[in-house]
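*Asks:* Could you have a look at this structure, given as structure tokens, before my questions?
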Amino acid sequence: SLRIPPLRERREDIPWFVGRFLRHFVDVHEREHVAGVSEDALRALFRYEWPGNVRELVNVVERGVLLCESEELSLADLPDALRDGRSPLVSNAAAAVSDEFMDLPLGEARRRIVEDFEKRYFEHHLRETNGVVGDVAQAAGINPRTLYEKMRRLGLRKEDYR
């Protein structure tokens with residue numbers, strides 16, 4: 001098993017990823033006038049916590065390329081959460097954590113919170129896709145085999161969502 005640290009733990013990779021994704025989306029969307037990223041925008045990218053990891057960065061760069069009217073991606077081309085230096089996903093999740101977890105050891109609380117979130121997340125997507133595991137796996141960005149294992153562990157059956 002190979003553990004790749006999340007983007008927030010390897011911020012030094014952000015400039016490389018941004019450059020690579022920028023070149024890709026400039027070509028894909030024929031936006032040749034976009035040649036770089038402003039210093040302010042790059043600082044905002046460094047400050048952000050990246051709850052969506054590299055996949056979120058890909059989306060942010062593509063959005064920026066599509067919106068950019070100048071030679072450089074600027075703060076104005078970034079989503080509000082990045083411009084403001086906040087991460088709504090993380091702050092909303094922290095506010096939603098029930099007090100029942102506060103008396104547990106950190107590891108056990110984390111395990112239960114993650115398990116509860118994963119179950120609700122997969123239930124939502126299974127309902128949305130009528131139990132099509134391949135579509136759920138694609139939406140989640142995971143391998144279908146991994147999803148089947150998680151579903152087994154969480155007591156979810158695709159048949160219950162058809």
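*Asks:* Over the chain, what percent of the accessible surface lies on carbon and sulfur atoms, probe 1.4 Å? Write out the running numbers ahead of the final one.
*Replies:* Numbers: 5330 of 10540 Å².
Looking at the chain in its full context, I get 51 percent from C and S.
*Asks:* Next question. Could you work out the pair-distance distribution P(r) of the chain from its alpha-carbon pairs, with 10 angstrom bin width and percents rounded to whole numbers?
*Replies:* Binned Cα distances yield the sequence 9, 29, 29, 24, 8, 0.
*Asks:* Per Stokes-Einstein, at 37 °C and 0.692 mPa s, what whole-number D in µm² s⁻¹ belongs to the range 12-88, with the Kirkwood radius over Cα pairs as the hydrodynamic radius? Kindly include the intermediate steps, with their values, before the conclusion.
*Replies:* Values: Rh = 12.1 Å.
Reported coefficient: 270 µm²/s.
*Asks:* Placing +1 on the Cβ of each Lys and Arg and -1 on the Cβ of each Asp and Glu in the chain, which of 156, 21, 75 has its Cα farthest towards the positive end of the resulting dipole?
*Replies:* 156
*Asks:* What is the packing order of peptides 135-144, 34-43, taking the mean over residues of other C-beta atoms within 10 Å and listing the highest first? Kindly include the intermediate steps, with their values, before the conclusion.
*Replies:* Values: 135-144: 15.5, 34-43: 17.0.
Output ranking for 135-144, 34-43: 34-43, 135-144.
*Asks:* So what is the 222 nm mean residue ellipticity for the chain from helices alone, if each DSSP H run of at least 4 adds -39500 (n - 2.57) and you divide by all residues, rounding to the nearest 500 deg cm²/dmol?
*Replies:* Details: 8 runs with 95 residues, N = 162.
That comes out to -18000 deg cm²/dmol.
*Asks:* Enumerate the helices in the chain for which the Kyte-Doolittle hydropathy averages 0.5 or more and the C-alpha atoms extend at least 20 Å along the helix's axis, using complete DSSP H runs.
*Replies:* Details: long enough: 14-28 (21 Å, 0.71); 53-67 (21 Å, 0.60); 106-128 (33 Å, -1.38).
Qualifying helices: 14-28, 53-67.
*Asks:* What residues have an amide H closer than 5 Å to that of residue 37, excluding those fewer than 5 places away on the same chain, when H is modeled at 1.01 Å from N in the peptide plane?
*Replies:* 73
*Asks:* Accessible area per residue, 1.4 Å probe, Å², for the chain: what's the number? Mind showing how you got there, number by number?
*Replies:* Numbers: 10540 Å² over 162 residues.
On a per-residue basis, the chain sits at 65 Å².
The values are calculated or read from the model by the stated rules, or taken from the named source; none is laboratory data. Just so we're clear, the structure is a prediction, and the values are computed from it rather than from any experiment. Virtual Cβ from ideal backbone geometry, glycine too; neighbours counted across all protein chains shown. Calculation scope for accessible area: heavy atoms of the full protein, side chains included, ligands and nucleic acids excluded. Shrake-Rupley method; radii C 1.70, N 1.55, O 1.52, S 1.80 Å.
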